[in-house]
1. Using the alpha carbon gyration tensor of the range 1-82, what are the three equivalent-ellipsoid semi-axes (square root of 5 times each eigenvalue), largest first, in whole Å?
2. Taking each pair of distinct Cα atoms in the range 41-141 once, what is the resulting Kirkwood hydrodynamic radius in Å?
3. Which of the DSSP-defined H helices in the chain satisfy a minimum axial length of 15 Å, computed from C-alpha atoms, and a minimum mean Kyte-Doolittle hydropathy of 0.0?
4. Which FRET efficiency value, to the nearest 0.05, is calculated for residue 236 and residue 65 with the Förster distance at 41 angstrom and r the Cβ-Cβ distance?
5. Mind telling me which of 40, 171, 153 comes out most flexible in a GNM of the chain, alpha-carbon contacts under 10 Å?
6. Using alpha carbons only, how many angstrom separate the centre of the range 208-242 from the centre of the range 81-138?
7. Quote the charge dipole size of the chain about the Cα centre in Debye, to the nearest 20; the model charges only the Cβ of Lys and Arg (+1) and of Asp and Glu (-1).
8. At 1.4 Å probe radius, can you tell me the per residue accessible area of the chain in Å²?
Amino acid sequence: MNVLELRSFYAYYGDKKIINDINMKIEKNKITAIIGPSGCGKSTFLLSLNRMLEESGGRAAGNILFNGKDIYSMAKEEIRKRIGIVFQKPAPFPFSIYKNLTYAPIFYGIRDKSRLREIALDKLKISGLYDEVKDELGMSALKLSGGQQQRLCIARALTVEPEVLLLDEPCSALDVKNTANIEKMLINLAGDYTIVIVTHNLYQAKRISDYTAFMLDGELVEYDETVRMFSSPQDRRTREYI
């Protein structure tokens with residue numbers, strides 16, 4: 001079942017075309033990795049999926065369907081609640097750990113304190129952070145290590161129960177141990193969420209993803225099940241890249 005579908009999709013910054021005529025379906029409750037060299041349009045592609053492209057000065061043409069409905073016919077707030085995003089550099093709010101995890105639920109109308117605490121603790125457990133911070137929930141999130149901050153940002157994105165989680169190279173600044181923690185978490189999350197991850201790490205894409213898309217110069221060169229993509233790519237450019 002498809003949760004996202006791009007039809008003849010283009011993205012621009014000013015007059016410069018960044019994404020060129022992408023047609024693609026993203027499977028529900030699967031991990032899809034987006035790979036390709038720097039500057040090929042991977043991050044722009046990701047930002048397009050929840051309309052963050054507009055916030056960075058870009059514009060789009062074509063269609064992106066979310067559960068069959070064009071995202072440009074939906075309110076941005078609804079789209080970003082249902083399609084969350086985590087960026088390359090960890091960006092916790094300059095609040096306590098606990099407030100980071102209750103900020104979005106409060107914004108979307110949850111006021112019951114016991115419910116807010118339940119949400120916060122549940123997402124800490126999902127992210128693998130609970131045992132590390134359970135006695136320090138009032139501590140500033142900025143005091144966490146880089147790996148802990150990134151897991152907190154993923155946990156925070158999950159507090160409003162999105163259907164899709166977008167991640168833009170979430171492990172690029174992390175060591176091997178923290179990368180392994182996040183990869184394990186993402187594999188576990190795929191049972192409940194659709195995950196799209198941009199990664200420059202081919203081994204990471206091969207390890208954790210169900211599907212892989214290879215982009216080059218703004219074009220979708222090849223898109224297939226990860227096992228087949230890495231074992232027998234169909235396009236010469238894919239073979240040369242991987």
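1. Output for the range 1-82: semi-axes of 19, 16, 12 Å.
2. Roughly 15.7 Å, rounded to one decimal.
3. Helices meeting the criterion: 97-107, 176-189.
4. With a Förster radius of 41 Å, E is 0.85.
5. Answer for the Gaussian network model of the chain: 40.
6. If you average the Cα positions of each part, the centres end up 35 Å apart.
7. Computed about the Cα centre, the dipole is about 400 debye.
8. With the other protein chains kept in place, the chain gives 47 Å² per residue.
The values are calculated or read from the model by the stated rules, or taken from the named source; none is laboratory data. In this text the structure is predicted, and so the values were computed from the model without any measurement. Quick reminder, even Gly has a Cβ in these numbers, built from the backbone with ideal geometry, and neighbours come from all protein chains shown. Accessible surface areas use protein heavy atoms only, side chains included; no ligands, DNA or RNA. Shrake-Rupley method; radii C 1.70, N 1.55, O 1.52, S 1.80 Å.
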